[in-house]
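Trainee: Dumping the structure here so I can ask a few things about it.
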Amino acid sequence: MGVIRGICISEKKGTQKHEVPEAELKVEWGIEGDAHAGKWHRQVSLLGLEQIEAFRARGADVAFGAFGENLIVEGYHFRELPVGTRFQIGDVLLEMTQIGKECHSHCQIYQVMGDCIMPREGVFARVLEGGTIRTGDEIVRL
């Protein structure tokens with residue numbers, strides 16, 4: 001079991017995500033109001049809190065959302081789980097569709113730190129069942 005420690009969205013692509021206390025997830029769409037939602041396989045992005053904290057311990061001053069992640073989750077190392085893994089958050093059901101992503105142009109974090117964890121630690125999911133999630137909600141691997 002894990003816990004949602006942060007929920008982040010951005011209204012426009014190319015802008016940093018910011019924290020919100022709760023979010024509405026729509027079936028086969030993603031987070032309502034997030035610019036990266038849509039009818040594709042990367043509707044919601046997840047990143048482990050432990051991986052963010054390890055990156056911060058290396059000297060990075062990064063806020064939640066800085067990596068472009070939607071959900072910051074304590075208790076899972078997502079890249080160690082197989083594609084197809086499902087997670088329940090209250091009424092919401094997510095299915096992991098992709099581990100990592102190619103970084104076409106190095107982000108600001110990479111330019112400062114010489115590294116960015118999202119391309120190798122971040123994962124993506126699609127929304128199979130929708131509903132409202134809040135910071136502090138439990139996330140259970142099924």
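Only the coordinates and a few stated rules stand behind these numbers; no lab work does. This is a predicted model, so every value here is computed, not measured. Note: ideal-geometry Cβ built from the backbone for every residue, glycine included; neighbour counts use all protein chains shown.
Trainee: If exposed means no more than 10 neighbouring beta carbons inside 10 Å and the site is in a DSSP loop, what's the longest run of the chain without any exposed GluC sites (Glu not before Pro)?
Mentor: Numbers: sites that count: GLU11, GLU102.
Between the exposed loop sites, the longest stretch runs 12-101.
Trainee: Suppose every K and R has +1 on its Cβ and every D and E has -1 on its Cβ; what is the size of the dipole of the chain about the Cα centre, in Debye to the nearest 20?
Mentor: On the way: 16 positive and 21 negative charges, 84 e Å.
That gives the chain a dipole magnitude of about 400 debye.
Trainee: Order by neighbour count: VAL62, VAL83, VAL123, fewest other Cβ atoms within 10 Å first, most last.
Mentor: Values: VAL62 16, VAL83 13, VAL123 27.
Ordered from fewest to most neighbouring Cβ atoms within 10 Å, VAL62, VAL83, VAL123 come out as VAL83, VAL62, VAL123.
Trainee: I would also like to ask the following. Stretch LYS101-GLU50 to full length: gain in nm at 0.36 nm per residue minus the Cα-Cα span?
Mentor: Details: separation 51, 0.36 × 51 = 18.36 nm, distance 1.91 nm.
That works out to 16.4 nm of additional length.
Trainee: Hey, got a sec? Which trypsin sites (Lys or Arg not before Pro) in the stretch 41-75 land in a DSSP loop and have at most 13 other Cβ atoms within 10 Å? Walk me through the numbers before you get to the answer.
Mentor: Details: sites: ARG42, ARG56, ARG58; in loops: ARG42, ARG58.
Of the trypsin sites (Lys or Arg not before Pro), the ones in loops of the stretch 41-75 whose Cβ has at most 13 other Cβ atoms within 10 Å are ARG58.
Trainee: Here's something else I'd like to know. Considering only the chain, what is the antiparallel percent among its DSSP beta bridges, to the nearest 5?
Mentor: Details: 29 of 32 bridges.
Taking every DSSP beta bridge with both residues in the chain, the antiparallel ones total about 90 percent.
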